[in-house]
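J.: Starting off with a structure, shown below.
The values are calculated or read from the model by the stated rules, or taken from the named source; none is laboratory data. What you are looking at is a predicted structure, and each value in this text was computed from that prediction instead of being measured. Every residue, glycine as well, gets a Cβ built from its backbone with ideal geometry; the counts of neighbours run over all protein chains shown.
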């Protein structure tokens, strides 16, 4: 049994490791070098593995992993406090308590990881490394799938600028995160091994794998589709505390209308709720004048706007305007957000009392449909997503089920003004880059405060506006046609193949341990 001091020291080191893990997801760490986030996160995970290897009891391992996970999640998602306190109106202690409790609850998956690893470990360094990677994958999948899912800050996002990015079109963000966890675990457990040969063989194998991935690069599963299109992406920089204030909305509506009509692109995109009023609340003639500006060949627009009414319900939507789409009232292209944000866009059962404490306009949206069709722009198929839902690549994959109708580019409209000038902007940019690489199609992003960017099919940012400024980003974008391996299997089965693979390895580990115990081996 560990001494109390040792347990306390392990707990402190676990919190520090989780903090380093969260720091790797920040723009400050990435500013040092593109690959530095992966290095920082690798050191953090190596520390966790060393701590887990140093404890004997499953309960102690669960505590270490839980504290690591809690520090990681608080550091990665603490920006939620801004929306709850500054804009939601909750007292500081309530807002911080809500964020803390959510992170502590989600860290429960990490506690399960620590307990199971300590309970099932075999004492074979390579098998224990595989077991850890499998549990790591299950932990991240649980955070993505259980209830409505909240996988923000998943480990794979820091691997975009590393050799492991070659695996992303094959296995997606969770798969590449599991491979990374396996490599780190192999290196750590080999280093802790008493055999020098084991250390050097493992190090050489890891370097060969990384070198091979770097040389191979990403497989090319998509190809250029028709001619490029010119896009104009609006960044309105409207303060969140003014967005739904009636006295401030006239200037906001005028700027969006004038900019939409004057922007030079074949496709003009305005952010999420760029028009923050329901159709019945708009000034007379506003929408018809806006629609008329796109009633000509070669002119298209995607505009974030809530649709519906207070009696029948409303949706967080994107409306498409073009010659084919027509006016708002009849025959327009419409995309309704499918994956809604808990508490911000829908109220879970039993939590209406909590939402009533906040000042959240339009806080209970109706849900759209999964696998919505794309918006046609000069032969390109543009698939809109709204803010938070581009976190769920397995849901976007449903649009790739039919290759002939699959998107040739993604268009995300967002409003991160809810979170102030926090790391959320940088993190959401990493998420968008990951989606482009998973599907190997470009992503265009029109946001209120940032990051308004164009991302190519290889996940690289090729054009951008400075965050927290007002402006229009105009660029040429080449659509891509084709289906990556990730898009193929995720479109049909979601994330369940990864769950099945993980559970199979878990079954093998349990069988091996049971066999070892029955044979009288010491573990």
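J.: Would you check which residues across segment 449-480 are within 20 Å of the chain's Cα centre (by Cα) and part of a loop (DSSP other than H, G, I, E, B) and list them?
T.: Matches in segment 449-480: 449, 450, 451, 452, 456, 457, 458, 459, 460, 467.
J.: So residue 446 ticks every box in (1) in a helix (DSSP H, G or I); (2) closer than 22 Å to residue 152 by Cα; (3) at pLDDT 95 or above but one. Which box is left unticked?
T.: Condition not satisfied by residue 446: (1).
J.: (1) touching a helix residue (DSSP H, G or I) at 6+ places or on another chain (Cβ under 7 Å); (2) surrounded by 18 or more Cβ atoms within 10 Å (Cβ to Cβ): which one isn't true of residue 242, the others all being true?
T.: Answer for residue 242: the failing condition is (2).
J.: So which residues in segment 401-414 are within 17 Å of the chain's Cα centre (by Cα) and either surrounded by fewer than 22 Cβ atoms within 10 Å (Cβ to Cβ) or in the same structural domain as residue 161 (by TED's automatic domain parsing) (or both)?
T.: Result: no residue meets the conditions.
J.: Could you check residue 50 against (1) part of a helix (DSSP H, G or I); (2) surrounded by 21 or more Cβ atoms within 10 Å (Cβ to Cβ) and say which number it fails?
T.: (2)
J.: Give just the number: which of (1) closer than 21 Å to residue 304 by Cβ; (2) surrounded by fewer than 23 Cβ atoms within 10 Å (Cβ to Cβ); (3) at pLDDT 95 or above does residue 398 not satisfy?
T.: Looking at each condition in turn, residue 398 falls short on (1).
J.: Now, a different point. Tell me the residue from 303, 275 that is in a strand (DSSP E or B), under 27 Å from residue 88 (Cα atoms) and modelled with pLDDT of 90 or more, please. Let's see the steps before the verdict.
T.: Details: 275 fails: in a strand (DSSP E or B).
Among 303, 275, only 303 is in a strand (DSSP E or B), under 27 Å from residue 88 (Cα atoms) and modelled with pLDDT of 90 or more.
J.: Looking at segment 115-128, is at least one residue crowded, with 23+ Cβ neighbours inside 10 Å, under 22 Å from residue 75 (Cα atoms) and in contact with a helix residue (DSSP H, G or I) (Cβ under 9 Å, 6 or more places away or on another chain)?
T.: no
J.: Residue 182 - would you say it is part of a helix (DSSP H, G or I), farther than 13 Å from residue 486 by Cβ and touching a residue at least 40 places away in the same chain (Cβ under 8 Å)?
T.: Judged against the criteria, residue 182 is a match.
J.: Now a separate question. With 97, 69 as the choices, which residue is modelled with pLDDT of 90 or more, within 22 Å of the chain's Cα centre (by Cα), in the same structural domain as residue 28 (by TED's automatic domain parsing) and assigned to a helix (DSSP H, G or I)? Working first, answer last.
T.: Working: 97 fails: within 22 Å of the chain's Cα centre (by Cα).
Testing whether each residue is modelled with pLDDT of 90 or more, within 22 Å of the chain's Cα centre (by Cα), in the same structural domain as residue 28 (by TED's automatic domain parsing) and assigned to a helix (DSSP H, G or I) leaves just 69.
J.: For residue 143, work out the one condition from (1) part of a loop (DSSP other than H, G, I, E, B); (2) surrounded by 21 or more Cβ atoms within 10 Å (Cβ to Cβ) it doesn't fulfil.
T.: (1)
J.: Also, quick follow-up: Looking at 460, 475, 446 in this structure, which one is under 24 Å from residue 398 (Cα atoms) and surrounded by fewer than 24 Cβ atoms within 10 Å (Cβ to Cβ)?
T.: Of 460, 475, 446, the one residue that is under 24 Å from residue 398 (Cα atoms) and surrounded by fewer than 24 Cβ atoms within 10 Å (Cβ to Cβ) is 460.
J.: Could you check residue 241 against (1) in a helix (DSSP H, G or I); (2) touching a strand residue (DSSP E or B) at 6+ places or on another chain (Cβ under 9 Å) and say which number it fails?
T.: (2)
J.: Output the residues belonging to segment 308-325 that are surrounded by fewer than 18 Cβ atoms within 10 Å (Cβ to Cβ) and in contact with a strand residue (DSSP E or B) (Cβ under 9 Å, 6 or more places away or on another chain). Break it down stepwise before answering.
T.: First pass over segment 308-325, keeping only residues surrounded by fewer than 18 Cβ atoms within 10 Å (Cβ to Cβ): 309-313, 323-324.
If the condition is that a residue be surrounded by fewer than 18 Cβ atoms within 10 Å (Cβ to Cβ) and in contact with a strand residue (DSSP E or B) (Cβ under 9 Å, 6 or more places away or on another chain), then 323, 324 are the ones that fit.
Matching residues to (1) buried (at least 16 other Cβ atoms within 10 Å of the Cβ); (2) closer than 23 Å to residue 78 by Cβ; (3) modelled with pLDDT of 95 or more:
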| site | (1), (2), (3) |
| --- | --- |
| 419 | yes, yes, no |
| 423 | yes, yes, no |
| 432 | yes, yes, yes |
| 467 | yes, yes, no |
| 481 | yes, no, yes |
| 506 | yes, no, no |
| 509 | yes, no, no |
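J.: Okay, next question. In the set 283, 279, 264, which member is out of contact with any strand residue (DSSP E or B) (no Cβ under 9 Å at 6 or more places or on another chain), surrounded by fewer than 24 Cβ atoms within 10 Å (Cβ to Cβ) and at negative phi?
T.: Among 283, 279, 264, only 283 is out of contact with any strand residue (DSSP E or B) (no Cβ under 9 Å at 6 or more places or on another chain), surrounded by fewer than 24 Cβ atoms within 10 Å (Cβ to Cβ) and at negative phi.
J.: Scan segment 143-158 residue by residue and report those that are free of Cβ contacts under 8 Å to residues at least 24 places away in the same chain and closer than 22 Å to residue 183 by Cα.
T.: Hit for segment 143-158 is 154, nothing else.
Condition check ((1) within 31 Å of the chain's Cα centre (by Cα); (2) farther than 20 Å from residue 454 by Cα; (3) surrounded by 12 or more Cβ atoms within 10 Å (Cβ to Cβ); (4) at pLDDT 95 or above) across all residues:
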| site | (1), (2), (3), (4) |
| --- | --- |
| 195 | no, yes, no, no |
| 201 | no, yes, yes, no |
| 219 | yes, yes, yes, no |
| 250 | no, yes, no, no |
| 294 | no, yes, yes, no |
